[in-house]
1. Note down the net charge around GLU131, summing +1 for each Lys or Arg and -1 for each Asp or Glu among other residues with Cβ under 13 Å from its Cβ.
2. Classify region 79-143 from the C-alpha gyration tensor, please: rounded if a/c falls under 1.5, else prolate or oblate depending on whether a/b exceeds b/c.
3. Please list 3J(HN,Hα) in residue order for region 115-132, calculated via the Karplus relation 6.51 cos²θ - 1.76 cosθ + 1.60 where θ = phi - 60°; whole Hz, with x for glycine and proline.
4. Using +1 at the C-beta of Lys and Arg and -1 at the C-beta of Asp and Glu, which of ALA56, THR93, GLY110 has the Cα lying farthest in the positive direction of the dipole of region 51-130?
5. For region 109-150, which trypsin sites (Lys or Arg not before Pro) are in a loop by DSSP, counting at most 12 other Cβ atoms within 10 Å?
6. For region 118-166, what are Rg and Dmax over the alpha carbons, in angstrom?
7. Assuming R0 = 30 Å, can you tell me the calculated FRET efficiency for the pair LYS230 and TYR192, based on Cβ-Cβ distance, to the nearest 0.05?
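Derivation of every value follows stated rules applied to the coordinates shown; laboratory data play no part. This one's a predicted model, so the numbers in the text were calculated from it and none came from an experiment. Glycine also receives a Cβ, built like all others from the backbone with ideal geometry; neighbour counts cover every protein chain displayed.
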Amino acid sequence: CSATLLCNMSVWSLLSLVLLLAVAQAFAPGRHQQHKVLHLDWPEDCGLAHFTPNVAERIVSGTEARPHSWPWQVSLQVRPRGSKHYVHVCGGTLIHKHWVLTAAHCFQKGKAEDAGSWRIVLGKHQLKRNEATERIIPVRRIYRHERFRYPALSELDFDIALVKATADIQPSHYVRYACLPRKAPVLKPGHYCWVTGWGDTRGGKENMSLAEALNQARLPIIDHKTCRQKKFWGDRVRDSMICAGFRDTEGPPAACQGDSGGPLLCKQSRDRWEVHGVVSFGPIGCTVENKPSVFTRTAAYIPWIEATRIRDFFLH
């Protein structure tokens, strides 16, 4: 270019146009919107664990998971100001070599959240012990959904976030990726899915305690019409959410073994584990009558997930 300034402006204009088109395509209506955006490299070997989860016994109450059988399970940990030690705050799901899926409410400081205070921990079973299988990766950036407004608003709409790692997270026997739902799936009422995490196993809101080992629980999907009844969650439940668990205290605990931000994992036709939900609200640590667990429905946010990846790629 004869004029450097003009050349730089032209390059920036071109990049801006490509980004605008990519984001527009991500949010455009139509059935081809979900996996046509710049050929995003979602892992093909997702949803397959080297160590098979123990799901054959049809245990509905929480139980300790087979070690490393949910290899996409993440512990998101933060180092409080003035402390040398990290604490487990939320669960998450590894969905790509750079990306962890979790809940927006895990990051209460919003835009002021310091990504440098957080880390991604994978390959864990015993949360509080040092394990040869564990991998620790610092966090580069945190993307909360732009329309998430809790606690300014009482509703937990748009409770989804993406966390980007500072380095590639390569798969191993102990670390793998979960699949995103391929298309808008229909999880029929009664379909069983699994929730995993180190959540409170003691019950109740006081004296919260984390489990030593990763736990799992089998939960049935509850239809929206039931979950929206006044005695359940009423109009707090949106179409972009999934209800799962048990309708009364006679059943086992709901997501007592789950972590906030952790996965609701389901198998459908392709026999791979897909992360259909992100633990959002509900009785994570205790049994509450007519209060099933509520999850952010991942499939409703595939366009946002992909647009966020594109934005990150072009702007950083």
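1. Net of charged neighbours comes to +2.
2. It is oblate, given that a/c is not under 1.5 and a/b is not larger than b/c.
3. Values per residue, Gly and Pro as x: 4, x, 8, 10, 9, 9, 10, 10, x, 9, 10, 7, 4, 8, 9, 6, 10, 4 Hz.
4. Comparing the listed Cα positions along the dipole, GLY110 ranks first.
5. LYS109, LYS128, ARG129, ARG147
6. 14.9, 43
7. 0.70
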